[in-house]
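Input: a single structure, listed below in structure tokens.
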Amino acid sequence: MEPNKKKERINHILEAATALFSEKGYANVTVQEIADRAGLNKATLYYHMESKEELLFSIFDTICSLLIRKFREVMKRPISPAQKLKEVIHAYIATLSEHPQAFRVFVSEGRELKGEHQRHIHRECNLMIRIVEEILHEGAEEGIFRLSDISTATLAILGMCNWAAHWLPSHQELPVEKVSHTFYHLVTHGILSPGLSFP
């Protein structure tokens with residue numbers, strides 16, 4: 001098979017698997033269902049992908065690679081830590097919006113990955129965490145951010161973005177720019193009116 005046609009078929013299989021994993025959950029999907037959704041027989045599917053878990057790993061790796069690339073692009077820019085944080089949040093929400101089914105799988109099915117697949121994705125997720133931590137450290141050192149626990153703040157920011165995978169696709173009336181700006185404002189300003197404070 002020609003390389004382009006092979007790549008096209010693999011993408012078609014991944015699209016079918018992504019849709020099914022998103023709709024039913026990884027554990028509830030059979031290889032036969034993926035083959036049927038892709039319009040292939042099981043033998044052809046196994047020719048391109050060695051297992052169901054390989055399909056799941058490919059979905060995770062694709063999302064991680066997209067996010068890491070976008071995060072690194074932000075980090076290369078000569079902008080303030082606050083602007084970096086704003087753009088990283090926007091990149092996250094934009095990626096989620098562009099790939100809603102894959103992202104829903106990404107935030108829900110990580111426990112299904114085993115062995116080297118799990119370790120590889122763990123390393124990629126840790127890299128994203130370190131990038132956000134670097135932004136917060138930079139901002140704290142410059143006096144832009146006031147943070148007592150950067151690690152927890154990082155996980156809270158990424159967790160807030162992750163959870164949007166469960167509700168944003170059903171709220172298509174919300175522009176990505178508005179959602180990411182609201183998240184950024186919550187992180188940097190909170191919800192208290194200026195001048196008010198509570199214990």
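All of the numbers you see were taken from the coordinates with simple rules; none came from a lab. This structure is a prediction, so every number in the text was calculated from the model and none was measured. A quick note on method: Cβ atoms are made from the backbone with ideal geometry, for glycine too, and the neighbour counts reach across all protein chains shown.
Observations, loosely collected:
- Each Lys and Arg contributes +1 and each Asp and Glu -1, all at the Cβ; summed about the Cα centre of segment 110-199, the dipole is approximately 300 debye.
- Over the chain: helical MRE at 222 nm, DSSP H runs n ≥ 4 each giving -39500 (n - 2.57), nearest 500: -25000 deg cm²/dmol
- Mean Kyte hydropathy of -1.0 or more with a Cα span along the axis of at least 18 Å, helices from DSSP in the chain: 3-24, 52-76, 81-98, 115-141, 150-167, 176-189
- Count of lysine pairs in segment 1-147 with Cα separation under 15 Å (8 or more residues apart, or interchain): 7
- Proxy reagent accessibility, fewest Cβ within 10 Å first, across Tyr26, Tyr92, Tyr47: Tyr47, Tyr26, Tyr92
- Each residue in Lys84, Lys5 was given a count of other beta-carbon atoms within 10 angstrom of its own, and listing them fewest first yields Lys5, Lys84.
- Loop GluC sites (Glu not before Pro), segment 120-199 (other Cβ atoms within 10 Å of the site Cβ: 14 or fewer; DSSP): Glu142, Glu173
- The chain - percent relative contact order, Cα under 8 Å, separation 6 or more: 23 percent
- Computed lengthening from Glu50 to Glu173, 0.36 nm per intervening residue step minus Cα-Cα distance: 40.3 nm
- In terms of other Cβ atoms within 10 Å, Thr44, Thr152 run from fewest to most in the order Thr152, Thr44.
- Options (1) -0.95, -1.34; (2) -0.87, -1.32; (3) -0.77, -1.46 - which one matches log10 I(q)/I(0) by the Debye sum over Cα atoms at q = 0.14, 0.19 Å⁻¹ as calculated here: (2)
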